[in-house]
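No lab work stands behind these numbers, since they all come straight from the coordinates. The structure displayed is predicted, hence computed values, not measured ones. Here the Cβ positions follow ideal geometry from the backbone for every residue, glycine too, while neighbour counts run over all protein chains shown.
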Amino acid sequence: MMPKYSNQYSKNGFTLIELLVVIAIIGLLATLSIVAINKSRLMARDSRRKADLKQIMTVLDMYYNDNGKYPPAGVCAYGSNCYVYSTGGINWIPGLSGYVNVVPKDPLNKGGAPWIDGGYTYSYGNVSADGQTFDLTAQLENTSDMDRCEIKKYKFLFNINPWCGSYSKQIYEYSP
């Protein structure tokens, strides 16, 4: 006796169309999750940048309490338009070596100055002639962060123009 379904396809598997639809859905979900994870990572790096600059400010205040002024920017004279960057080593703000073992660095710590697109470093400089004010900046990655220069209009010390007028709209400044 012949089986009842000998000339028909077996109903036990999936068709090629069904498999392709499932693979496409999995691919779409994977792409969406990767985008969400990348956005979370850059937001986390921006949060760390803000926390790091706050920590640096605390150490700078300790220096100020002991010396009556903030430290110069490396070998730069007070009152000069000069900066040091977190790419400069462990104690990239030399005056702070007695106050902290390691001065925090940008999570990416690459590129040029933070006011240039792609410059993910911290900068300290533009210390006034009397040592009372300075610029402490970083570049944020999240283009919708509410603390970026485009929203806050931070101004650098030796000029009344905002950083983002001539430079990156992603500047974040933490200064006195």
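Listed values, structure above:
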read-out	value
The chain - percent relative contact order, Cα under 8 Å, separation 6 or more	18 percent
Debye, to nearest 20: dipole size of the stretch 83-162, +1 on Lys, Arg Cβ, -1 on Asp, Glu Cβ	60 debye
The stretch 84-133: relative contact order in percent, alpha carbon pairs under 8 Å with at least 6 residues between	32 percent
Residues Trp115, Trp163 arranged by fewest to most Cβ contacts within 10 Å	Trp115, Trp163
Centroid-to-centroid separation of the stretch 56-76 and the stretch 78-139 [C-alpha atoms, Å]	12 Å
Size of electric dipole in the chain: Cβ of Lys, Arg +1 and of Asp, Glu -1, about Cα centre, debye, nearest 20	640 debye
Segment Tyr64-Ala51, extension gain: residue separation times 0.36 nm, minus the distance between their alpha carbons	2.7 nm
Fraction in percent of alpha-carbon pairs per bin - 5 Å, the stretch 16-173	2, 9, 16, 19, 17, 12, 7, 4, 4, 3, 3, 2, 1, 1, 0, 0
Helix axis angle, 16-67 relative to the chain longest principal axis, alpha carbon, degrees	10 degrees
Listed residue (Tyr99, Met62, Tyr167) projecting farthest to the positive dipole end of the chain, Cβ model	Tyr167
